[in-house]
1. Mind counting the residues in the range 55-92 that are free of Cβ contacts under 8 Å to residues at least 60 places away in the same chain and either within 15 Å of Val33 (Cα to Cα) or in contact with a Cys (Cβ under 9 Å, 6 or more places away or on another chain) (or both)?
2. Kindly list, by first and then second residue, each pair from a residue in the range 32-44 that is touching a residue at least 12 places away in the same chain (Cβ under 8 Å) to a residue that is among the small types (Gly, Ala, Ser), limited to pairs with Cβ atoms under 6 Å and residues at least 6 apart or on different chains.
3. Here is a list of conditions, (1) within 17 Å of Pro90 (Cβ to Cβ); (2) under 11 Å from the mean Cα position of the chain (by Cα), and Ser49 meets all of them except one; can you say which number that is?
Amino acid sequence: MKKMILFGAMLACLLGLCGCGDSALEESAAPLVTSIIKDQLGGSAKCVSVEITEKISDTHFRAKANLDNGNALVIMIEKSGDDQILVTIPNQ
């Protein structure tokens, strides 16, 4: 599977990323995972939750995306300086 990327270009106020913890980042990443699955992978699964499993740096995180079909994907989340997040689904 090719590396899939989706830029989540959303305002920090809409995402709740202004000065908050990992839970808002997890909530913001879930719909982006669903979009990647539908738009780039042609799948129908929905991401129901995201759990950050490792903080790599202040802006980079490894996480697990839990899908409504019982599967889970390892994802990468990057916080951008422009109040955006980047979600990547690496090869599984």
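1. 18
2. Matching pairs, first to second residue: Leu32/Gly8; Val33/Ala65; Ile37/Gly43; Ile37/Ala45.
3. (1)
FYI, it's all coordinate maths here, none of it is from the lab. Keep in mind that this is a model prediction, so the values were computed, not measured. In this analysis, Cβ positions are derived from the backbone assuming ideal geometry, glycine residues included, and neighbour counts consider all displayed protein chains.
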